[in-house]
Amino acid sequence: MAEVTQVERPVKLAANFPEIAIEGVTKKFREGATALENVSFGVEKGEFVSLLGPSGCGKSTLLKLVAGLSSVTEGTVTVNGMTPKNARELVSFIFQDATLLPWRTVERNVGLGLELERVARPTREETVRQMLKVVGLEKVAKRYPRQLSGGMKMRVSIARALVSRPRILLLDEPFAALDEMSRDRMNEELLRLYLEQQWTVMFVTHSVAEAVFLSTRIVILAPHPGRVAHVEEVRLPWPRTEETRMTEEFEHEVGRISRLLRGVKSGEAREVA
Amino acid sequence: MKRQLWLAANSLVVFLLLLVVWQVAVKALHVPAYMLPGPRAVARAVVERFGSLEQSFLLTAEEAVVGLLASIAVGVAVSLMFAQFSLLRRVLYPYTILLQTVPIVAIAPLILMWAGPGLISVAMVAFLICLPPMIANTTQGLVSVEENLVHLFLMHKATPMQVLLQLRLPHALPNLFVGIRISAGIAVIGAITGELFAGSSRVGEGGLGYSILYASGQLETDYLFALVAAAAVLGFVFFFAGMFLEWYFLHNWHEGSRLETQE
Ligand SMILES: Nc1ncnc2c1ncn2[C@@H]1O[C@H](COP(=O)(O)OP(=O)(O)OP(=O)(O)O)[C@@H](O)[C@H]1O
Ligand SMILES: [Mg+2]
């Protein structure tokens, strides 16, 4: 296969401006565990960066630092030139389990953020209605979370993240609990929305195929302590559709990233042994 | 639904059989009525003295309700404080558990000494016995919110008040209702215990507890039985009222509180 030199970008970039800049970040927990050590990389505006790495290498910790939900021990994180806490209104966080409020109906779950931000009711309801249409949930607006399938719950969670019109999306294994078919479908929808909305995305997953399908770049973290092992451009043309998964290029890319990831894991095994 | 009716019918049959056995045994063994009256004598006492029985029943119910409502209000308020200020919780929570271990019969006379006989002090005894389960359960629900849900609220710049009232409090509702259910059962016990000490300033006008004491002193054993039965009924009413409230408020979204027969 021919080497791709120029990496295609689906979203036009602003002049090399790192929307998310992580510089020399170390995170130690009070109990003494070092979750991250001297981690540096940037995410440019409009990039879709996936984080891969063995369990416990600090992927979730890193996302929380970017969201300002936790603070660094050393180093700096800037989001759109601001501290993560100040940049929160640009950011939406989507968690692994749908984290819906069981006492709220679907529409009231989706409207939660707007409600907390005291958006007036008519605006709120209209926005929620439109968003439910976007994710195909208008029929279940009045249902409670316990009446939904796992895939539908995740859709609600995504709709809730999107109503506040974020520029930056942080997703922590959002589709881990879904079956492969729903996961593939959700991936395609996410990509469609990404191209349309031109978000900057950081996406944590354990699935190499998912990371390759979605990302412009993949950051592979090594554990104990968490550090950057590889930063890889994804050599796969845009736009990407279901068909992309059947191509040789795709398989090749998945193979390449998998080998890098396995290197990181077996390195760990050697250390332990 | 059919199954439940069947079970209820069975329980009723067993109950009626017991009454029959009891009546026959009392007759056959010539047990004196002041030791153990038969169910017919008890039923007669209920009918003949229905007025005073009802009065005692309602008075005890009132005391128990006041104590219970106060324990809900104070318990929820204290739990909200505990959830908001963890230092406060760490310092004071052990004392609420301690309160639970103090035998209520030991402090009832003290309360009476301080507050004097009457509805207030009896309700206070009921309140004290109800408070620990309210606090323990509600606090548990308030603090056991998943971290990611708190993060979600923080991402939307929620104030601490919004986190408390729109996340922690609704999350704690199932626990709060467990507290209410437990407290509703023991509120009646608390009120009756209180009455045993508080009594009434006028003969024949006290609640169930006072009347039980009085009836036993007078060897009115048939009326005593009627009073005990009334106390049991009152306990049941409280318990089921608690269950109903729980179902009413939670059945839409909470698995544990949906009736088996739904859907
Ligand atoms: N609040 C915390 N207090 C103490 N240690 C923590 C805390 N959160 C995470 N850790 C530790 O930091 C390390 C990284 O955790 P993190 O959850 O970021 O890993 P991860 O890469 O997301 O793992 P997974 O793939 O299993 O989700 C782990 O060793 C974990 O035990
Ligand atoms: Mg994680």
Quiz prompt | Cleavage-rule hits (trypsin sites (Lys or Arg not before Pro)) in region A:104-186: DSSP loop, at most 12 neighbouring Cβ within 10 angstrom | solution = A:118, A:142
Quiz item: So what is the relative contact order for chain A, in percent, with contacts set as C-alpha pairs under 8 Å and at least six apart?
Solution: 26 percent
Quiz item: When ranked by the protection proxy of mean other Cβ atoms within 10 Å per residue, highest first, what sequence do the peptides B:5-18, A:237-250, B:215-228, A:52-65 form?
Solution: A:52-65, B:215-228, A:237-250, B:5-18
Self-check item: Relative exposure of A:82, A:131, judged by other C-beta atoms within 10 Å (fewest first)
Solution: A:82, A:131
Exercise. With everything on Cα atoms, drop me the angle between helix B:86-101 and the longest principal axis of chain B, reported from 0 to 90° to the nearest 10.
Key: 10 degrees
Exercise. Would you please state the base-10 log of I(q)/I(0) at q = 0.05, 0.08, 0.13 1/Å for the protein assembly as shown, with intensities from the Debye formula using one equal scatterer on every alpha carbon?
Key: -0.35, -0.70, -1.25
Quiz item: Which angle between 0 and 90 degrees, to the nearest 10, do you get for helix A:150-162 versus the longest principal axis of chain A when only C-alpha atoms count?
Solution: 90 degrees
Quiz item: Looking only at other chains, what is the average number of their beta-carbon atoms within 10 angstrom of each beta-carbon in A:93-104?
Solution: 5
Self-check item: Value of relative contact order over region B:52-262, rounded to a whole percent, pairs C-alpha under 8 Å and six or more apart
Solution: 28 percent
Quiz item: If you average the sequence gap of Cα pairs under 8 Å that are 6 or more apart and divide by the length of region B:1-146, what percent do you get for the contact order?
Solution: 29 percent
Quiz prompt | Amide proton proximity set for residue A:230, modelled H, under 5 Å, gap of 5+ | solution = A:220
Quiz prompt | Virtual spin-label span in nm between residue B:245 and residue B:15, 7 Å along Cα→Cβ | solution = 2.4 nm
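Expected output is a single nm value to one decimal: the length gained when fully extending between residue A:181 and residue A:246, i.e. 0.36 nm times separation in residues minus the C-alpha distance. What is it? Please list the in-between numbers first.
On the way: separation 65, 0.36 × 65 = 23.40 nm, distance 1.45 nm.
Full extension from residue A:181 to residue A:246 adds 21.9 nm.
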Quiz prompt | Inter-site label distance for residue B:52 and residue A:256 at 7 Å from Cα along Cβ, in nm | solution = 9.7 nm
Practice problem: Count the lysine pairs in chain A whose Cα atoms lie under 18 Å apart, taking only pairs 8 or more positions apart in sequence or on different chains. | Solution: 12
Quiz item: Can you work out the FRET efficiency for the pair residue B:229 and residue A:83, with r the C-beta to C-beta distance and R0 = 51 Å, to the nearest 0.05?
Solution: 0.15
Quiz item: So what's the angle, to the nearest 10 degrees on a 0 to 90 scale, between helix B:119-143 and the longest Cα principal axis of chain B?
Solution: 40 degrees
Quiz prompt | Helix-only CD estimate at 222 nm, as mean residue ellipticity for chain A, using -39500 (n - 2.57) per DSSP H run (n ≥ 4) | solution = -11000 deg cm²/dmol
Quiz item: Which value in deg cm²/dmol, rounded to the nearest 500, describes the helix-derived mean residue ellipticity at 222 nm for chain B, given -39,500 (n - 2.57) per DSSP H run of n ≥ 4 and division by the residue count?
Solution: -27000 deg cm²/dmol
Self-check item: Likely footprinting exposure, A:88, B:181, fewest C-beta neighbours within 10 Å first
Solution: B:181, A:88
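Every number here is computed from the coordinates shown, using simple stated rules; none is lab data. It should be emphasised that the depicted structure is a prediction, and the values quoted were computed from it without experimental measurement. All Cβ positions, even for glycine, are placed from backbone atoms using ideal geometry, and neighbour counts span all protein chains on display.
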